[in-house]
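The values are calculated or read from the model by the stated rules, or taken from the named source; none is laboratory data. Owing to the predicted nature of the structure, the values given are computational and were not obtained by experimental measurement. Here Cβ is always computed from backbone atoms with ideal geometry, including for glycine, and neighbour counts include all displayed protein chains. Accessible surface is based on the protein model in full, side chains and every heavy atom, while ligands, DNA and RNA are left aside. Shrake-Rupley method; radii C 1.70, N 1.55, O 1.52, S 1.80 Å.
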Amino acid sequence: MLLIKNGRVVDPASGSDAARDILVDGEKVVEVAPAGSLAGRAQGAETFDAAGFVVAPGFIDLHAHLREPGQESSETIETGTRAAARGGFTAVCCMPNTKPVNDNASVTRFILDRARAGASVRVWPIGAASAGSKGEALAEIAAMREAGIVAVSDDGKPIATAKLARQVMEYSRSLDLPVIEHSEDVSLAAGAVMREGVTSIRMGLAGMPAAAEAICVARDVQLAALTEARLHIAHLSAKASLDEVRRAKQRGLRVTCEVTPHHFTLIDEDVRYDSRFKMNPPLAAREDREALLQGLADGTVDAIATDHAPHEPALKDVEFDRAPFGILGFETALALALEQLVHPGRISLMRVVELFTTGPARVLGRERKIAPGQPADLTVFSMDHAWTYDVNQSASRSRNSPFDGRGFQGAPMATIVGGRVAYRRT
Ligand SMILES: [Zn+2]
């Protein structure tokens, strides 16, 4: 048994925010009661004193790259999930663009076997939408669902054609799987390494316009209307895309979206000739960031997702033009959300917890709450713990973060997965 006592329990599912004790037996929560009331019932239980900390349902990351199988020099399921636990995540959804691509049940089973053997947190694989994510033929979606995928995506790129995207949506709808779309018109984005604008011109770097994203979002919203599929827009970065999602929601379509911490923190003007500022979608314009903050506050955005994208130094430490897209995300996500959203008073703590928990759970058609009988997946964090991010201390195998050296207020203090302490800050 594990007793987490005296914490400020913030549970978006019930809307409660109060000092509570939580008693865990084995893998499940067995009791939640006012702080101080469970000490007698928990004789012999391991005790975690969460006084001064927030206790939230376990964080879910809808978008991560764990690089295994095939790119283990950048990350493995073991190192990636250790970084996830340090970031407060109890479950991570891993994108299928591994080598080989997770487009069939044997790769899905391999990932889940590796997770069982050495993962710190739950691993929920996302299967490819098309075979090899090549955009030509459907992947083995039904067999992968049987094996345990939670969604489909050709992430790294969009589902290549409207015709194929329609087929994927029709098929996924029959299996009740969300389709997660990396929205990008590849003809408009071809050759681009950052967002098109004054900064890209000044830096002499090829830019992609916001429309490259929004055009693809519009296409897929139309197809979601046609097929009644569940469509989730990954790493949404542009105001125009958010407007599409807002209208789709108003029409009653099952369309959701996620925003990354780097897109609500940084803008194109922050880009340096340094590949740690190169990601896809690229850092957007100031007015896009303002729109994302609005969408995070008003409920249009469903989840904060990291797009954790490790690349080993040998790949990333090259000229900006030649470097691969992507940055680390797990270990700085909560701290950036507190810094950008909660501490300035833009968004309530309850809403931020929702964006990390019930929000992403809903995208996957799951529940997330702190109640008897529920899995004991819990994230304990401090709102004010002062620390500095040193990427060289990261659990990840890679070092590609633009936030190295940044000072933060607030951090995960413990990550509990199925009643087991997967991470504890010392
Ligand atoms: Zn992507």
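In segment 385-421, the qualifying residues are those that are more than 22 Å from I370 (Cβ to Cβ) and part of a strand (DSSP E or B), and the one that is most open to solvent (accessible area, probe 1.4 Å) is Q409.
Here is a yes/no grid of residues against (1) within 16 Å of the ligand (Cβ to nearest atom); (2) touching a residue at least 60 places away in the same chain (Cβ under 8 Å); (3) open to solvent by 20 Å² or more (accessible area, probe 1.4 Å):
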residue	(1), (2), (3)
G87	no, yes, no
A91	no, yes, no
N97	yes, no, yes
T108	no, no, no
G132	no, no, yes
A137	no, no, yes
E146	no, no, yes
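List the number of the failed condition for R246; all other conditions in (1) surrounded by fewer than 23 Cβ atoms within 10 Å (Cβ to Cβ); (2) within 16 Å of the ligand (Cβ to nearest atom) hold. Only one criterion is unmet by R246, namely (2).
Rundown of residues vs (1) more than 16 Å from the ligand (Cβ to nearest atom); (2) open to solvent by 10 Å² or more (accessible area, probe 1.4 Å), yes/no style:
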| residue | (1), (2) |
| --- | --- |
| M169 | yes, no |
| A189 | no, no |
| M194 | no, no |
| R230 | yes, yes |
| L242 | yes, no |
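Note on segment 112-136: residues that are closer than 13 Å to L66 by Cα and part of a loop (DSSP other than H, G, I, E, B) amount to 3.
Of all residues in segment 30-50, none satisfies being open to solvent by less than 40 Å² (accessible area, probe 1.4 Å), within 16 Å of the ligand (Cβ to nearest atom) and under 21 Å from A333 (Cβ atoms). Selection of first residues in segment 155-170 that are at positive phi and of second residues that are modelled with pLDDT of 95 or more, restricted to Cβ pairs under 7 Å at least 6 apart or on distinct chains, gives the following pairs, ordered by first then second residue: G156/N97; G156/S133; G156/H182. Selection within segment 249-278: residues that are free of Cβ contacts under 8 Å to residues at least 24 places away in the same chain and more than 19 Å from A333 (Cα to Cα). The member of this set that is surrounded by the most Cβ atoms within 10 Å (Cβ to Cβ) is R272.
Restricting attention to segment 315-332 and to residues that are in a helix (DSSP H, G or I) and in contact with a strand residue (DSSP E or B) (Cβ under 8 Å, 6 or more places away or on another chain), the residue that is nearest to F381 (Cα to Cα) turns out to be T332. Out of T81, T76, one residue alone is buried (at least 21 other Cβ atoms within 10 Å of the Cβ), touching a residue at least 40 places away in the same chain (Cβ under 8 Å) and farther than 25 Å from V352 by Cβ. It is T76. Scan segment 87-105 and tell me whether some residue there is hydroxyl-bearing (S, T, Y) and not in a loop (DSSP other than H, G, I, E, B). Yes, segment 87-105 has at least one match. The criterion of being within 16 Å of the ligand (Cβ to nearest atom), part of a loop (DSSP other than H, G, I, E, B) and open to solvent by 50 Å² or more (accessible area, probe 1.4 Å) holds for A160.
Would you mind stating whether E354 is surrounded by 24 or more Cβ atoms within 10 Å (Cβ to Cβ) and of a type in the set (D, E)? Answer is yes for this residue.
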